[in-house]
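In what follows, a single structure is set out as structure tokens and then discussed.
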């Protein structure tokens, strides 16, 4: 009886881990103070069986250097919780996502970190803010893992200022149980 009711294992790809890296492009006022930098992404997503929606938890690290003048840096670490909708087109799966986030900013580039000068804060400056992100991507399924390319817009609600940056990230994702073939079902 149980064998009749159970769905194939590959169709029950409910959890997926992923990691990637790429470039982070400063946008708006952040672009005045910082050059294009880099990012690292680590995350996990979960979905209900046979659904196109999932919930993903992302941790991302981005670093920028000073646009001109003396060497300096700005680091932005974020944790985002995003609902995601995936369009099933066979092995190619475009997706969109958006959600809230918490951002930790650190470095010695006061303008890039939205630190008001003069300040009594010590270098490196550190502060935390809430924010949001929204993005889109595409995932291509292979036999035991997937590769993806995605872009997102981070909006950090810093005090008296907002900071925008757009990471463009490529990486790999693996379904749980790790390495199981995932050739059927909704991605």
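The values are calculated or read from the model by the stated rules, or taken from the named source; none is laboratory data. These numbers come from a predicted model, not from an experiment. Cβ atoms come from the backbone with ideal geometry, glycine included; neighbour counts cover every protein chain shown.
Some values worked out for this structure:
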read-out	value
First in segment 139-161 and at positive phi and buried (at least 18 other Cβ atoms within 10 Å of the Cβ), second anywhere and assigned to a loop (DSSP other than H, G, I, E, B) and at pLDDT 95 or above, Cβ under 9 Å, 6 or more apart	none
Of all residues making up segment 162-184, the number that are at pLDDT below 55 and crowded, with 18+ Cβ neighbours inside 10 Å	1
Segment 120-138, residues that are loosely packed, with under 15 Cβ neighbours inside 10 Å and without any contact (Cβ under 8 Å) to a residue 24 or more places away in the chain	120, 121, 122, 123, 126
Pick from segment 130-162, criterion touching a strand residue (DSSP E or B) at 6+ places or on another chain (Cβ under 8 Å) and outside any strand (DSSP E or B), ranking: farthest from residue 40 (Cα to Cα)	159
Residues satisfying the stated conditions in segment 114-129, i.e. over 22 Å from the mean Cα position of the chain (by Cα) and part of a strand (DSSP E or B)	125
